[in-house]
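The values are calculated or read from the model by the stated rules, or taken from the named source; none is laboratory data. Here the structure is a predicted model, which is why all the values come from computation and not from measurement. We place every Cβ from the backbone using ideal geometry, glycine too, and count neighbours over all the protein chains shown.
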Amino acid sequence: MLLELSNATKIYQQRNGRTKQAVVALQDFNLKIAHQPAKIIAIAGESGSGKTTLANLILGFVQPTSGQVIYQGVQVSKISKKDQGVAEETEDISIANSKQMRDYRRNVQAIFQDPFGVYNPFYRIQHVFDLVIKNFGLSDNSDQARQLVESTLNAVGLRGHDVLRKYPHQLSGGQRQRIMMARAYLVRPKLIVADEPVSMIDASLRASILDVMLRLKEEAGISFLYITHDLSTAYQIGDQIYILYQGSVAEKGKVTKVIERPHHPYVKLLVDSVPLPDPAIRWKGEIDLPAEEEMRGSATSGCRFYPRCPVRIDRCLENQPDLYDVSDDHQAACYQI
């Protein structure tokens, strides 16, 4: 197994006046990504659903409150201090050493949402690649480095003489996003975490960026964790999909099954909220929403969709529903399926 998340949970403490309030950003998330075949796994949900928290856990930017992030059988995370005062930070003998972490950093790369804010405006684009080559020792001489950079740029549809001598502000948003993809691909990783990679570029350029992701999957065998709020692009390129609601998985499975035949009430609402491309059909998308966070203060609370659910029952308030099998490779967390 390439990467595995086992019951990964992240709880933040937010100060509300003089008191602290727990907010469950991600709860008991499980995910397995195999070495082969390469897949694009979409993580979808509205803002605040826990998508970016998941990305940060995988990339090591934050540590889980409980659970594990395991790379090729080696745990790469530590249990964070629990703000409830239950336990101090604990060490585990399976925690990766520095060599293993370096290997992890090389093989699990990231593409971020903002193609404008990730570059240092004082350096030319060449510096982005020089830094990666130096840090990971990817070449023995300048000629080899030049050939490596050129082949990497070609893979994302760019040429070195067009972009390397330019500063970030001299490139379009689409070019900057391609440079970010090339920077990630330069080290030939096994997994790329793409956090909303097309949300801040023009719609006309999104297809080209998604096409690059598909080609890297098919031709280079790179898996993607594609984080998005856009179900249409998830449906277009995804193999599997996890739909999050307030930190927990509402539904998961093969992307065509989940989006074409949703079973969780929230996922049905999410799919129905996508307007049909037909001017003759009026979109009735106005929804009266209750307070978003009222069920999110405890990991032991019931179903968080309860305040909005049209088929809720008393049992929903007792515990968060488990994921029940709907069909082969399709599960939903609802007592009413």
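Below are the figures for this structure:
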| item | result |
| --- | --- |
| Evaluation of residue 256 against (1) modelled with pLDDT of 90 or more; (2) surrounded by 16 or more Cβ atoms within 10 Å (Cβ to Cβ) (one fails), failing number | (2) |
| Any hit, the range 153-171, residues being of a type in the set (Lys, Arg) and either buried (at least 21 other Cβ atoms within 10 Å of the Cβ) or part of a helix (DSSP H, G or I) (or both) | no |
| Scope the range 1-24; condition over 29 Å from residue 216 (Cβ atoms) and hydrophobic (A, V, I, L, M, F, W, C); matching residues | 11, 22, 23, 24 |
| Hits in the range 112-135 (condition: modelled with pLDDT of 90 or more and either aromatic (Phe, Trp, Tyr) or touching a Cys at 6+ places or on another chain (Cβ under 9 Å) (or both)) | 122, 123, 129 |
| Test for residue 234: is it in contact with a His (Cβ under 7 Å, 6 or more places away or on another chain), modelled with pLDDT of 90 or more and either assigned to a helix (DSSP H, G or I) or under 21 Å from residue 8 (Cβ atoms) (or both) | no |
| Residues satisfying the stated conditions in the range 1-56, i.e. among the acidic types (Asp, Glu) and either surrounded by 21 or more Cβ atoms within 10 Å (Cβ to Cβ) or assigned to a strand (DSSP E or B) (or both) | 4, 28 |
| Sole residue being within 30 Å of residue 186 (Cβ to Cβ) and either of a type in the set (S, T, N, Q) or touching a helix residue (DSSP H, G or I) at 6+ places or on another chain (Cβ under 6 Å) (or both), chosen from 233, 256 | 233 |
